[in-house]
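Submitted below is the structure of interest, expressed as structure tokens.
What follows draws every value from the coordinates through simple rules; no lab data is involved. Remember, it's a predicted structure, so these values are computed and weren't measured experimentally. Cβ atoms come from the backbone with ideal geometry, glycine included; neighbour counts cover every protein chain shown.
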Amino acid sequence: MNYLGIGVSPGNVPVYHGDNLKVIDRRVRVTELVLRCIIFGLAILGAILIGTDKQAKVIFSIEKIAKFTDMKALVFLVIANGLAAAYSLVQVLRCILSIIRGTVLFNKPLAWAIFSGDQLMAYLTLTAVAAAAQSAVFAKLGQTELQWMKICNMYGKFCNQVGEGIASSLIVSLSMIVLSAISAFSLFRLYGNSKGKGNAI
């Protein structure tokens, strides 16, 4: 039976579908919007910091220029940040439209698409950050067994800016993980509401 905003679950436990759910839903959407804006801004910042980073050094009268393209892991990180920024921009527009209309722009295929997209971006950014961080450690500490030099001793400015870009990208990847949890919550809540309506008499 369903009246006055109260449904009855199969276990005869009262389930409230009124204003509380609307408040929770709005808070979730606002949180999602803030996170996606943060991801967009920091992904752009990380891509710019790494993509524009270079430093020239004269070694034995020969000028050597360190650029992010010299390390494939940094190239991968710039690309991942660009994809994350583009994806987040699209999702920001969707979130704003949802908040303005005051409705959840969700159907099951869209919910699954958003959930899958968030999962993909979380894995992509986390993998890119891990690869870049590993390369940065080798550049900072070297590897005596393989006779790899401590590149950051010669290109200090370059390494510092790369570190800032990796830190920015790390926040992006962690935010994407949180967003994946939010989209999973929205997806399962959508299915829960559908089952609740089906069980209501």
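Need one number: nm distance between label points at Ala56 and Glu164, each 7 Å from Cα along Cα→Cβ, rounded to one decimal.
Those two pseudo-labels are separated by 2.1 nm.
In whole Hz, what ³J(HN,Hα) sequence does segment 170-187 give by Karplus (6.51, -1.76, 1.60; θ = phi - 60°), x for Gly and Pro?
So the J values, rounded to whole Hz, are 5, 5, 4, 5, 5, 5, 5, 5, 4, 5, 4, 5, 5, 5, 5, 4, 5, 5.
I would also like to ask the following. Excluding same-chain pairs closer than 8 in sequence, count the lysine pairs in segment 18-191 whose Cα atoms lie under 23 Å apart.
Number of lysine pairs found: 24.
Quick check for me: using +1 on Lys/Arg Cβ and -1 on Asp/Glu Cβ, what's the dipole size of segment 18-191 about its Cα centre, in debye to the nearest 20?
Numbers: 17 positive and 9 negative charges, 54 e Å.
I would put it at about 260 debye.
Counting only other residues whose beta carbon sits under 15 Å from that of Thr69, what net charge do I get with K and R as +1, D and E as -1?
Result for the local shell: +2.
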